[in-house]
Amino acid sequence: MNMVVLHDPDDIHELYDRRGSTYAGRPYNYIALNHVFEPDIGQIYLFQRNDRLLKRWKRPARWFLSQQGIEGIMPILDAVGARCIKALCDSPSQFLEHLRVWALSTPLIALSGQAHINQDLLRTYFYRQQLVTGLLEPGKTPPVDFIAPLRWLPTFLAKWKRDAYFVRKHQDAFYGEMLAGAASNRQRRKDGDKNVGEYEPVMARLLGEGMPEREVKWLAGGLLDAAFDATSAAVTNFVVALAGHADVLKKAREEVEAVCEGRMPTGEDVGKMPYLKACLMETFRWRPSAPLGLPHVTDSDDTYKGYLIPRGTNIIVNAFAILHNPDVHPNPTVFDPTRYLDPEKQTGEHSKSTWIFGAGRRRCVGDQYTMHALMAIMAKMVWAMDMKVPEGTDLSVEGGFDDGLMMKPRENVTVEFEVRDGRRERVEEEWQKGEKELERMLGKC
């Protein structure tokens with residue numbers, strides 16, 4: 001197998017952007033394509049080969065995650081954020097579960113219109129995503145792509161087969177529930193049901209446009225999983241970064257208070273918070289949630305800088321190396337949001353921290369959604385909660401974070417939350433207001 005690892009933004013720009021038609025493929029993954037995802041269509045948007053199906057799926061995916069799409073779900077983001085803050089106030093020790101529920105809820109509502117899901121299904125979903133990560137992460141499964149006889153091991157000797165069976169079974173059931181909810185919403189609209197709510201879920205809209213149910217099911221399921229994975233890892237890193245740096249948290253809180261004057265922040269406020277935005281950009285740099293991104297593969301032979309890059313070569317962007325280059329980011333191990341107070345550094349090809357979203361034609365189309373969602377929830381959290389990590393907590397890459405397919409804090413890293421004085425009553429009020437807003441947008445069952 002041929003492999004090229006890129007760690008220079010100029011090389012990435014040349015290959016992924018200027019020669020994008022050659023470098024937009026995805027590597028063949030036997031386990032994913034034959035055991036995890038449904039054949040022919042279930043490859044999920046992120047892992048879809050560079051073919052006609054991907055091109056057909058791009059339009060609805062980009063619309064859902066566009067600025068217009070984000071504005072349409074802004075009230076949902078605020079309501080789900082208020083739910084999360086209330087949950088943190090009620091049971092702060094379960095903060096990881098609350099953050100995961102938050103990461104799942106907004107895309108689930110926006111895609112299918114489902115505002116509630118029972119605890120058993122939630123836990124199964126989280127477990128399933130954990131298994132998916134393990135099945136897709138290089139080195140966590142046998143090398144069946146290269147040693148074909150390993151594919152024929154009986155299930156009782158191949159844990160990866162048992163895990164893949166569980167994942168596919170749960171995917172089919174979970175995505176099927178999403179489809180059923182969207183189809184019901186679509187039918188109620190056609191029947192003139194006045195209790196259906198004013199928001200039309202993305203899946204219901206796609207069904208109305210004539211997209212086949214099977215495609216709607218797997219496109220939406222893939223978008224849901226991608227949104228969950230991206231935001232759940234990044235929000236945990238964001239929380240740990242602020243909780244572990246009291247001086248930064250203090251400055252962020254002062255900015256939030258200056259903008260909101262005592263009320264809970266909304267999604268419309270975050271554009272006035274440059275320091276909090278700098279904290280987010282620095283979190284992406286300091287602990288990138290996708291340190292190596294997803295690999296690309298060349299669809300044809302190419303030559304670059306005198307090297308022949310054959311068709312089928314795996315191309316990996318080492319985002320962590322780029323973001324910790326001391327020539328660009330002095331003292332790269334230090335968490336310092338002032339690096340990104342200059343807007344030009346947020347977008348500069350060498351200094352930007354958004355490499356976690358990939359590059360070129362396969363760049364994550366949900367980058368704007370992810371950043372807006374993270375800003376909205378963190379503004380609320382900074383406003384409502386005091387948070388800190390216990391003294392002596394190791395926040396180094398080596399001791400405090402898992403660095404596989406997704407970089408996130410290890411289980412031993414905890415955050416202590418406490419409701420700020422005078423905030424609990426207002427949190428309750430915002431939660432009640434958010435529930436009423438969800439009922440207005442989604443209607444009554």
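The values are calculated or read from the model by the stated rules, or taken from the named source; none is laboratory data. All values reported here derive from a predicted model rather than from experimental measurement. Cβ: placed from backbone, ideal geometry, glycine included. Neighbour counts: every protein chain shown.
Every residue in the range 141-155 that is assigned to a loop (DSSP other than H, G, I, E, B) and hydroxyl-bearing (Ser, Thr, Tyr), please. Explain how you work it out, then say what you get.
First pass over the range 141-155, keeping only residues assigned to a loop (DSSP other than H, G, I, E, B): 141-147, 153-154.
Within the range 141-155, THR141 is the sole residue that qualifies.
For the range 330-388, which residues satisfy the criterion of being among the small types (Gly, Ala, Ser) and part of a helix (DSSP H, G or I)?
Applying the first criterion (among the small types (Gly, Ala, Ser)) to the range 330-388 yields 348, 351, 353, 358-360, 366, 373, 376, 379, 384.
Result: GLY360, ALA373, ALA376, ALA379, ALA384.
Among the residues of the range 432-445 satisfying the criterion of being out of contact with any Phe, Trp or Tyr (no Cβ under 8 Å at 6 or more places or on another chain) and crowded, with 20+ Cβ neighbours inside 10 Å, which is modelled with the lowest pLDDT? Show your work before the answer.
Of all residues in the range 432-445, those out of contact with any Phe, Trp or Tyr (no Cβ under 8 Å at 6 or more places or on another chain) come to 432-440, 443-445.
From what is left, the residues that are crowded, with 20+ Cβ neighbours inside 10 Å are 434, 438.
On the way: GLY434: 95, LEU438: 92.
Filtering first and then ranking leaves LEU438.
Can you name the residue in the range 263-306 that is of a type in the set (Gly, Ala, Ser) and in a loop (DSSP other than H, G, I, E, B) and is also surrounded by the fewest Cβ atoms within 10 Å (Cβ to Cβ) among such residues?
Step one: filter the range 263-306 for residues of a type in the set (Gly, Ala, Ser), giving 267, 271, 278, 289-290, 293, 300, 306.
Now restrict to residues that are in a loop (DSSP other than H, G, I, E, B): 267, 289-290, 293, 300, 306.
On the way: GLY267: 22, SER289: 25, ALA290: 22, GLY293: 22, SER300: 13, GLY306: 5.
That would be GLY306.
Kindly check whether there is at least one residue in the range 420-430 that is surrounded by fewer than 22 Cβ atoms within 10 Å (Cβ to Cβ), at negative phi and of a type in the set (A, V, I, L, M).
There is no residue in the range 420-430 that is surrounded by fewer than 22 Cβ atoms within 10 Å (Cβ to Cβ), at negative phi and of a type in the set (A, V, I, L, M).
If a residue must be surrounded by 14 or more Cβ atoms within 10 Å (Cβ to Cβ) and either among the small types (Gly, Ala, Ser) or over 22 Å from the mean Cα position of the chain (by Cα) (or both), how many such residues does the range 397-415 contain?
2
Please specify each residue of the range 349-396 satisfying the condition of being small (Gly, Ala, Ser) and surrounded by fewer than 16 Cβ atoms within 10 Å (Cβ to Cβ).
Within the range 349-396, GLY392, SER396 qualify.
Can you tell me which residue in the range 94-115 is surrounded by the fewest Cβ atoms within 10 Å (Cβ to Cβ), limited to those that are without any contact (Cβ under 8 Å) to a residue 40 or more places away in the chain and not acidic (Asp, Glu)? Step through it out loud before you land on a result.
Step one: list which residues in the range 94-115 are without any contact (Cβ under 8 Å) to a residue 40 or more places away in the chain, which gives 94, 97-98, 101, 105.
With not acidic (Asp, Glu) added as a condition, the list becomes 94, 98, 101, 105.
On the way: GLN94: 14, HIS98: 21, VAL101: 21, SER105: 24.
If we take residues in the range 94-115 being without any contact (Cβ under 8 Å) to a residue 40 or more places away in the chain and not acidic (Asp, Glu), then GLN94 is surrounded by the fewest Cβ atoms within 10 Å (Cβ to Cβ).
Do you know which residues across the range 389-413 are farther than 24 Å from MET264 by Cα, assigned to a loop (DSSP other than H, G, I, E, B) and in contact (Cβ under 8 Å) with a residue 60 or more places away in the chain?
Residues of the range 389-413 that are farther than 24 Å from MET264 by Cα, as a first pass: 390-413.
In the following step, the residues that additionally are assigned to a loop (DSSP other than H, G, I, E, B) were identified as 390-396, 404-406, 410-413.
Result: THR393, LEU395, SER396, GLY404, LEU405, MET406, VAL413.
Give me the pairs, please: first residue somewhere in the range 142-166 and farther than 13 Å from ALA32 by Cα, second residue anywhere and surrounded by 14 or more Cβ atoms within 10 Å (Cβ to Cβ) and among the β-branched types (Val, Ile, Thr), beta-carbon distance under 8 Å, and either six or more positions apart or on two chains.
From residues that are farther than 13 Å from ALA32 by Cα, the pairs are LEU150/VAL144.
At least 2 residues that are modelled with pLDDT of 90 or more and either of a type in the set (A, V, I, L, M) or under 17 Å from GLU435 (Cα atoms) (or both) in each: list the helices (runs of 4 or more DSSP H) lying fully within the range 63-116 that qualify.
Working: elements: 67-72, 74-90, 95-112.
Counting at least 2 such residues, we get 74-90, 95-112.
Among (1) modelled with pLDDT under 95; (2) more than 23 Å from LEU405 (Cα to Cα); (3) hydroxyl-bearing (Ser, Thr, Tyr), where does THR370 come up short?
(2)
Applying the selection to the range 128-156, what residues are under 23 Å from LEU224 (Cα atoms), surrounded by 15 or more Cβ atoms within 10 Å (Cβ to Cβ) and of a type in the set (D, E, K, R)?
Scanning the range 128-156 gives a single hit, ARG128.
In the range 33-59, what count of residues is obtained for those that are surrounded by 17 or more Cβ atoms within 10 Å (Cβ to Cβ), part of a helix (DSSP H, G or I) and at pLDDT 70 or above?
Looking only at that region, the number is 3.
From the list PHE417, PHE401, exactly one residue is of a type in the set (Phe, Trp, Tyr) and farther than 14 Å from MET381 by Cα. Which is it?
Numbers: PHE417 fails: farther than 14 Å from MET381 by Cα.
Of the residues listed, the single one that is of a type in the set (Phe, Trp, Tyr) and farther than 14 Å from MET381 by Cα is PHE401.
Considering only residues of the range 307-335 that are of a type in the set (Val, Ile, Thr) and farther than 24 Å from SER396 by Cβ, which is surrounded by the most Cβ atoms within 10 Å (Cβ to Cβ)? Give the steps one after another, and end with the answer.
Quick first cut of the range 307-335, residues of a type in the set (Val, Ile, Thr) only: 309, 313, 315-317, 322, 328, 333-334.
Filter once more, so that each one left must be farther than 24 Å from SER396 by Cβ: 309, 313, 315.
Working: ILE309: 20, THR313: 20, ILE315: 23.
Only one residue tops the list, namely ILE315.
Would you please list the contacts, defined by Cβ atoms under 8 Å and residues six or more apart or on different chains, that run from a residue in the range 179-190 that is under 21 Å from LEU223 (Cβ atoms) and touching a residue at least 60 places away in the same chain (Cβ under 8 Å) to a residue that is surrounded by fewer than 16 Cβ atoms within 10 Å (Cβ to Cβ) and of a type in the set (Val, Ile, Thr)?
Once the first residue is under 21 Å from LEU223 (Cβ atoms) and touching a residue at least 60 places away in the same chain (Cβ under 8 Å) and sits in the range 179-190, no partner that is surrounded by fewer than 16 Cβ atoms within 10 Å (Cβ to Cβ) and of a type in the set (Val, Ile, Thr) comes close enough.
Please enumerate the residues belonging to the range 67-93 that are free of Cβ contacts under 8 Å to residues at least 24 places away in the same chain and not polar (S, T, N, Q).
GLU71, ALA87, ASP90
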